[in-house]
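Asker: Before anything else, here's the structure in question.
The values are calculated or read from the model by the stated rules, or taken from the named source; none is laboratory data. These numbers were taken from a predicted model, which means no experiment stands behind them. Quick reminder, even Gly has a Cβ in these numbers, built from the backbone with ideal geometry, and neighbours come from all protein chains shown. The protein model used for the area step is the full one, side chains on, heavy atoms only, and it has no ligands, DNA or RNA in it. Shrake-Rupley method; radii C 1.70, N 1.55, O 1.52, S 1.80 Å.
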Amino acid sequence: MTEIEIGRGKRGRRAYSFDDIAVVPSRRTRDPEEVSVSWQIDAYHFDIPVMAAPMDSVVSPESAIALGKLGVLPVLDLEGLWTRYEDPTTQLAEIASLDPGAATSRMQQIYAEPIKPELITERLHQLREAGVTVAGALSPQRTQQHWKSVVDAGVDLFVIRGTTVSAEHVSGRAEPLNLKRFIYELDVPVIVGGAASYTAALHLMRTGAAGVLVGFGGGAAHTTRTTLGIHAPMASAVADVAAARRDYLDESGGRYVHVIADGGVGTSGDIVKAVACGADAVMLGAALARASDAPGAGYHWGPEAHHPELPRGERIELGAHASLEEILFGPGRQADGTTNIIGALRRAMATTGYSDVKEFQRVEVVVSPYLGA
C-alpha cells in the first residue's frame, strides 16, 4: 500500500473518511421494495442493520423498547444514568439545561454516583418483559465488576465497548480482562470494540467475539482527535476490518464475525458508504439523538464527555427534528440525510442493483472528496 512521506523521518498511509468516497451506480437497478435490509447476528434477527449506541442521550429503557419494536437492536449503557439513579429524569433535564462552559464539570459530578447492580437487573428485566432483544454495554474496565449481574439478568447480547478495545491489554497495576477466556466462558454472544485496524480487529475476532465495533473517536460528540491526537478515518477503518473478517473466515474454517461501523455515521449517506466498505450493520448515536422522543431532549453526549480524569467528548446540541420512526423510516422532512435513513439505504441499494446488505458490500466505490460548503 502506498505511503506518503510526511517528513524525512516519518511516513504514513493515506486513509479515507466516508466524505472522501462515493458509491458508483452499476448497469442494473431494481425496485426499492424488493431490497432486503435485514440483518442477523447469532440467533437474533433484525429488520434493519442498525444498533442504537449505548449513550444516555439515545437509549433509555423506554426508547430501547420503542427502537426494538422498530427493528433496531438497542444497547443500554449499563454504566449510565439508568443504573446510577432510580429515576434519572431530573439529571437528564439538568444536563440538557447546562451552560456549555459548565457542562463537563457538572456532568462529572452527576456521573460520580455509584453504579447499582440491582438497577442493572431491573433495567434489563424491563426490556425483556417488553419482548425486545436485550443488549447491554459495559466498558472493559467495568466488565469484570458487573458482568455477572448482566448475565444473571438474562441479557441476549453482551457489548463490551470502549474508545478502543484490544485483545492484549497490558497493566502492571491490576489483572486485565482476558477477553478470550471471558468470551469462551460466557453463554451469550459478545460484541466488542472499538477497533480501527486490521491487526487489532483480527485479534478481537480470535477471542471468539460475534461482532467487532469499528471506530475510534469519530463520533459527533467525541473530541478524541483534539485531546489525544488519535483518529481513524472510517472508510479505511471499516474496509481494513472487513479484510480481517475475510481472512479470519478462512483461518477459522468458516466462522463469520460481524463488522459494525461505530462512529462517523451521522447521515443516511454515511450508512450507505459504511455498508459499501464492508460493514454488516451500523451503530448510531447522533443520528438517533436528534429524535424528539430520544432521552437527550435534543442534546447528545457519550461516556467520554464525563470521564473523571480526561474528558474526550462534549455535550453537543443537535435539536429535536423528528420522531425515531421518522428518522428511520420517514417520511423525510429535510434533504440532508437525517430522516428516512432506511429508505435511503434501500434506494441506494436499488439504484446500484443489489438485493441485500451482504451483496451491497461488493458495490464499486471511488475516491471522491466532498468539497461542498
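Asker: What ranking, highest mean first, results for peptides 143-151, 234-242, 178-186, 340-348 when packing means the other Cβ atoms within 10 Å averaged over each residue? Could you put the intermediate results ahead of the total?
Answerer: Working: 143-151: 17.3, 234-242: 26.0, 178-186: 15.4, 340-348: 21.4.
Sorting 143-151, 234-242, 178-186, 340-348 by mean packing, highest first, produces 234-242, 340-348, 143-151, 178-186.
Asker: Ranked highest first by average number of other Cβ atoms within 10 Å, how do 101-109, 133-141 line up? Provide the component values of the computation, followed by the final result.
Answerer: Details: 101-109: 14.2, 133-141: 22.9.
Ranked from most to least packed, the peptides come out as 133-141, 101-109.
Asker: One-quarter of the Cα convex hull surface for region 214-373, in nm²?
Answerer: Numbers: hull surface 45.1 nm².
With the hull built on Cα positions only, its mean projection is 11.3 nm².
Asker: At 1.4 Å probe size, with the rest of the protein present, what percent of the exposed accessible area of the chain is carbon and sulfur atoms? Let's see the in-between values first.
Answerer: Numbers: 8030 of 16800 Å².
With neighbouring chains kept in place, the figure for the chain is 48 percent.
Asker: What aspartates and glutamates sit close enough to LYS358 to cross-link, taking a C-alpha to C-alpha distance under 19 Å and skipping anything fewer than 8 places away on the same chain?
Answerer: ASP31, GLU33, GLU34, ASP42, ASP47, ASP240, ASP247, ASP250, ASP262, ASP270, ASP280
Asker: Could you give the DSSP H helices of the chain that reach 18 angstrom or more along their long axis (alpha carbon positions) and whose average Kyte-Doolittle hydropathy is no lower than -1.0?
Answerer: Span-like helices in the chain: 117-130, 234-251.
Asker: Can you classify region 66-127 as rounded, prolate or oblate using the Cα gyration tensor, where a ≥ b ≥ c are the square roots of its eigenvalues, rounded means a/c under 1.5, and otherwise it's prolate if a/b beats b/c and oblate if not? Working shown, then result.
Answerer: Working: a/c = 2.65, a/b = 1.53, b/c = 1.73.
Oblate.
Asker: Based on alpha-carbon centroids, what's the gap between region 20-51 and region 101-130 in Å, whole number please?
Answerer: 34
Asker: Could you provide, to the nearest whole Å², the per residue accessible area of the chain with probe 1.4 Å? Can you show the working numbers first?
Answerer: Numbers: 16800 Å² over 373 residues.
Value returned for the chain: 45 Å² of accessible area per residue.
Asker: Also, I was wondering about something else. Relative to the Cα centre, what is the charge dipole magnitude of the chain, using +1 at the beta carbon of each Lys and Arg, -1 at the beta carbon of each Asp and Glu, and rounding to the nearest 20 debye?
Answerer: On the way: 34 positive and 45 negative charges, 234 e Å.
Roughly 1120 debye for the chain.
Asker: Follow-up question, since we're still on this one. Output the peptides 24-33, 329-338, 251-260, 280-289 sorted from most to least packed, where packing is the average of other Cβ atoms within 10 Å over each peptide's residues. Each step should come with its number before you reach the end.
Answerer: Numbers: 24-33: 11.2, 329-338: 13.9, 251-260: 17.3, 280-289: 27.4.
My ranking of the peptides, most packed first, is 280-289, 251-260, 329-338, 24-33.
Asker: Right, here's the next one. How high is the relative contact order of the chain? Use alpha-carbon pairs under 8 Å, at least six apart in sequence, and give a whole percent. Walk me through the numbers on the way to the answer.
Answerer: Working: 801 pairs, mean separation 84.5, N = 373.
Here the relative contact order equals 23 percent.
Asker: Then there's this: Near LYS148, which lysines are there with a Cα under 16 Å away, not counting those fewer than 8 places off in the same chain?
Answerer: Cross-link targets: LYS116.
Asker: Under 1.5 on a/c is rounded, so check that first for region 320-373, then, if it is not, pick prolate when a/b is larger than b/c and oblate when it is not; a ≥ b ≥ c are the square roots of the alpha carbon gyration tensor eigenvalues.
Answerer: Details: a/c = 3.01, a/b = 1.33, b/c = 2.26.
It comes out oblate by the Cα gyration axes.
Asker: Then there is this: Which whole-number percentage describes the relative contact order of region 1-127, with Cα contacts under 8 Å and a sequence gap of 6 or more? Don't skip to the answer; put the middle values down first.
Answerer: On the way: 109 pairs, mean separation 20.7, N = 127.
Relative CO of region 1-127 lands at 16 percent.
Asker: Additional query: Once amide H atoms are built 1.01 Å from N in the peptide plane, which residues 5 or more positions from VAL50, or in another chain, come under 5 Å H to H?
Answerer: Correct list: LEU73, VAL282.
Asker: While we're looking at this one, here's another question. When a/c is below 1.5 the answer is rounded, else prolate if a/b is larger than b/c, else oblate, so apply that to the chain with a ≥ b ≥ c taken from the square roots of the Cα gyration tensor eigenvalues.
Answerer: Details: a/c = 1.30, a/b = 1.19, b/c = 1.09.
Cα axes put the chain in the rounded bin.
Asker: Helix-only estimate, please: 222 nm mean residue ellipticity of the chain, summing -39500 (n - 2.57) across DSSP H runs of length 4 or more and dividing by its residues, to the nearest 500. Provide the component values of the computation, followed by the final result.
Answerer: On the way: 14 runs with 125 residues, N = 373.
Calculated mean residue ellipticity at 222 nm is -9500 deg cm²/dmol.
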